[in-house]
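Working notes, structure below.
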Amino acid sequence: MRLSGEEKAIHAGEFGPLRQWAIGHQIKVGDYLGAEDFVAVGQAHIMADTESLGAAGVEWLERWAALPRDQRLVRIPTITDPRGTDFAYAARLKQLPWMLDLERRTIAALEALGVLMTDTCINYQTIMPPVRGEHMAYGDTGVVIYSNSVCGARSNFEGGPSALSAGLTGRTPRYGYHLDAHRQATFVVEVSDTPRDLSEWGALGGIVGRLAGDYWQVPALVGIEEVPGADALKHFGAAAASFGSVALFHIVGVTPEAMRIEDVVPAGQTLKTHEVGAADLHALQAHYMKDIGTVDVVVFSAPQLSLIELQMLAGMLDGRRATIPLFAVTSPQVKPDADRLGLTARIEQAGGIVLSGMCFYQSYAREMAEANGWKRLATNSAKLVNILGGYGYRPALLSMEQCVTAACAGGKLR
Amino acid sequence: MSAKIFYAAAAMGRKVQGRALAASDGFSARYDLDRIRGVFSRPEHKLVGESYNGRILVLDAAKGGVATAWMLYEMTARGIVPAALVLNRANPIMVQGAALADFTMISGFDVDITKAIANGAEVEVDPTAARPFIRVL
C-alpha cells in the first residue's frame with residue numbers, strides 16, 4: 001500500500017505502540033485485499049462481545065488500555081456493538097459471574113481507549129445515520145449492509161480489531177465497498193411477492209444471501225411493489241448479511257444508488273437473474289419449523305428492536321399473558337423512550353422482559369440454553385434462526401404475532 | 001508422478017503441514033463451531049460433528065458475521081484451532097482475524113479448491129512462497 005507521510009510516521013511508531021500496531025494490522029489486511037492506499041473514515045463501530053473476545057481478547061485490550069492517555073485514545077468517534085449482557089437481567093438469564101467479570105473488564109478497557117459504549121447494532125436508526133458517500137469503518141454486518149445500501153455510505157465489514165484500528169488511525173484500507181467498482185450489481189433478483197411482515201423480509205434476505213454466496217456479490221432486487229420501511233430493510237439486510245456475508249444490496253427504485261436498474265448494472269451486461277416468490281419465503285420458514293411443536297422461549301432480537309417494533313409488540317401483548325419466557329432486546333438509546341412511553345411496562349405486565357444493550361446471540365447463547373433448559377426457540381428474526389443452530393437451539397421463524405401467540409399458549413405452535 | 005499443487009491469489013501467515021478437512025461449504029467461527037469442544041456444530045454444515053483442531057480447513061467461502069475477527073485469536077490462545085484456513089473466497093473478516101491471530105490463510109484459486117483437495121489428504125500450505133500454494137503431499 002502507498003503510505004502518506006503521517007502513515008509512515010505512525011507505522012514507524014512515532015505515535016506510540018498501539019497506533020503502530022493498528023496501522024500495521026491495517027496494512028496486512030489491505031495488502032491481502034488489494035488496497036492501494038488508505039481512506040479517511042468518519043466513524044468506527046466495534047463489535048467486542050466477550051464471548052467472541054474470550055479471556056485472551058480481553059487481556060489483549062487491557063494491555064493497550066494501560067498505555068499513557070495520549071497513546072491510547074481513538075481519534076474519531078468510535079462506538080460499540082451490543083454487549084454480552086444486560087447487567088440488570090443477568091441473573092434472570094442465568095449468566096455466570098465470570099461472564100459479567102469479562103464484560104466489566106472489557107467495558108473498562110474500551111472506555112480507557114476513548115470508545116463510546118453505545119452498545120447497539122441499530123446505530124443507523126438511533127445514533128447518527130451515515131450520509132451517502134461517507135466512508136465509515138463499521139463493525140456489524142447488519143450495520144454495514146444497511147449503511148451501504150439504504151444510506152449509500154461506504155464501509156466494509158470491519159471486525160473488532162480492524163474497527164479499533166480505524167478508530168486509532170482515523171482511516172481504513174481502501175478496498176471493497178469503498179470503491180465504485182465494487183458497488184455495481186452482480187446478479188438480479190426478481191421478487192414476485194413483496195414480503196408482508198418483518199419475518200418475511202428477513203426470509204427474503206436469507207434467500208438472497210444464499211443466492212449471493214459470498215461477500216463480493218451485490219444483488220439488485222426488482223419487483224418490490226412498495227417502499228419498505230426502515231425496520232423491514234433492517235431485517236432484510238441483516239438476514240442477507242448473515243446467510244450470505246452480503247455487504248451491499250440495491251432495490252431498484254428504492255435505494256439511493258439504484259433509482260434505475262441501469263444505475264447498477266454495467267452497460268452491455270446481462271446479469272444472472274433469479275426469481276423469488278411467496279413459495280420460497282414459506283419454504284425457508286417451513287424448513288426451520290420442521291418437527292417443532294412447542295418452543296421453550298420467544299426472543300425478539302438481532303437486530304435490536306426499534307421503538308416502533310416495541311410499540312407493535314406491546315400492542316400485541318396488551319390483555320394477554322406470556323406463559324413462557326419472552327424477551328425483547330433493544331438498544332440503550334431506545335430503552336429510555338420505551339420506558340418513558342410506557343411500552344416497557346406494557347410488555348412486562350404481559351410477562352415479557354425488555355433487555356437493553358445486548359443481543360441474544362452475542363450473550364453466551366449456548367450457556368444460557370443449558371442453564372435455562374431452552375432448546376426450541378421462536379423468533380421473527382431470520383438472522384437469529386440462521387445463527388442459533390450452531391449454538392444448539394432448534395429455532396423457528398415466525399411472524400411477531402405468531403411468536404406472541406405461541407408465548408401466550410405455553411409455547412405451542414399452531 | 002507430479003504433486004498436485006494449487007496457487008492462491010492472496011496469502012498470509014506461516015508455512016504449515018497437516019491433514020485437510022475439506023467440504024463444499026462456508027465458514028464462520030460463530031455460526032458453525034462449538035469452540036469449546038473444537039467441533040463443527042451447526043446441524044446444516046457438511047462437517048457437523050468433525051473435529052477441526054490442528055486440521056487444515058479447506059472450504060468454499062467466508063460466511064456470517066464479524067465475530068471470527070476476534071475468535072481466531074481466542075481459539076489460538078486456547079490451542080483448539082485449525083492449522084490453516086484455505087478458501088475459494090475470503091471476506092475481510094477472515095483476513096482481519098487471521099492478521100490479528102498470526103494465522104495461516106490462503107484464498108483465490110483457478111479451480112474449486114474444495115473439490116481439488118480430498119478430505120483427509122495430507123497437504124502443505126505455504127503462504128510465504130513467491131506464489132503461495134497448497135500442495136497435496
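Quick notes on this one:
- Meets criteria (touching a residue at least 24 places away in the same chain (Cβ under 8 Å) and touching a Gly at 6+ places or on another chain (Cβ under 9 Å)) for A:N380: yes
- Enumeration of residues in the stretch A:367-414 that are basic (K, R) and within 11 Å of another protein chain (Cβ to nearest Cβ): A:K383, A:R394
- Qualifying residue in the stretch B:48-58 (condition: within 8 Å of chain A (Cβ to nearest Cβ) and under 17 Å from B:M75 (Cβ atoms)): no
- Residue match in the stretch A:321-330 (condition: among the hydroxyl-bearing types (S, T, Y), farther than 27 Å from A:G209 by Cα and more than 25 Å from the chain's Cα centre (by Cα)): yes
- Looking only at the stretch A:219-275, and only at residues there that are modelled with pLDDT under 95 and charged (D, E, K, R), the one that is farthest from the chain's Cα centre (by Cα): A:E225
- Meets criteria (modelled with pLDDT of 95 or more, surrounded by 24 or more Cβ atoms within 10 Å (Cβ to Cβ) and not hydroxyl-bearing (S, T, Y)) for A:L53: yes
- Cβ-Cβ under 6 Å pairs, at least 6 apart or on other chains, the stretch A:216-237 side within 14 Å of another protein chain (Cβ to nearest Cβ) and closer than 22 Å to A:F157 by Cβ, far side among the aromatic types (F, W, Y) and not in a loop (DSSP other than H, G, I, E, B): A:G237/A:Y146
- Every residue from the stretch A:243-254 that is part of a loop (DSSP other than H, G, I, E, B), in contact with a strand residue (DSSP E or B) (Cβ under 9 Å, 6 or more places away or on another chain) and either within 14 Å of another protein chain (Cβ to nearest Cβ) or buried (at least 24 other Cβ atoms within 10 Å of the Cβ) (or both): A:S245, A:V246, A:L248, A:F249
- Index of the failed condition, A:A91 passing every other in (1) aliphatic (A, V, I, L, M); (2) under 22 Å from the mean Cα position of the chain (by Cα); (3) part of a loop (DSSP other than H, G, I, E, B): (2)
- Helices (runs of 4 or more DSSP H) enclosed by the stretch A:1-67 - at least 2 residues per element that are in the same structural domain as A:P129 (by TED's automatic domain parsing) and under 20 Å from A:E103 (Cβ atoms): A:50-65
- Some residue of the stretch B:86-94 being surrounded by fewer than 24 Cβ atoms within 10 Å (Cβ to Cβ) and either more than 8 Å from chain A (Cβ to nearest Cβ) or within 20 Å of A:R210 (Cβ to Cβ) (or both): yes
- Matching residues in the stretch A:140-180 - criterion: being within 10 Å of chain B (Cβ to nearest Cβ), in contact with a Pro (Cβ under 6 Å, 6 or more places away or on another chain) and not aromatic (F, W, Y): A:G142, A:N156
The rows are residues; the columns are (1) among the polar types (S, T, N, Q); (2) part of a loop (DSSP other than H, G, I, E, B); (3) within 14 Å of chain B (Cβ to nearest Cβ); (4) touching a helix residue (DSSP H, G or I) at 6+ places or on another chain (Cβ under 9 Å).
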{"position": "A:E190", "(1), (2), (3), (4)": "no, no, no, no"}
{"position": "A:D193", "(1), (2), (3), (4)": "no, yes, no, yes"}
{"position": "A:G205", "(1), (2), (3), (4)": "no, no, yes, yes"}
{"position": "A:R210", "(1), (2), (3), (4)": "no, no, yes, yes"}
{"position": "A:E275", "(1), (2), (3), (4)": "no, no, no, no"}
{"position": "A:H282", "(1), (2), (3), (4)": "no, no, no, yes"}
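- Qualifying positions in the stretch A:290-304 - under 15 Å from A:A369 (Cβ atoms), assigned to a strand (DSSP E or B) and touching a helix residue (DSSP H, G or I) at 6+ places or on another chain (Cβ under 7 Å): A:V298, A:V299, A:S301
- The lone exception for B:L100 - which of (1) at the interface with another protein chain (Cβ under 7 Å from one of its Cβ atoms); (2) surrounded by fewer than 22 Cβ atoms within 10 Å (Cβ to Cβ) it fails: (2)
- In the stretch A:117-139, of all residues being closer than 18 Å to A:L233 by Cα and not in a loop (DSSP other than H, G, I, E, B), the one that is nearest to the other protein chains (Cβ to nearest Cβ) corresponds to A:N123.
The values are calculated or read from the model by the stated rules, or taken from the named source; none is laboratory data. Treat the numbers as computed from the prediction; the structure is a model and nothing was measured. So basically every Cβ, Gly included, is an ideal-geometry build from the backbone, and we count neighbours across all protein chains shown.
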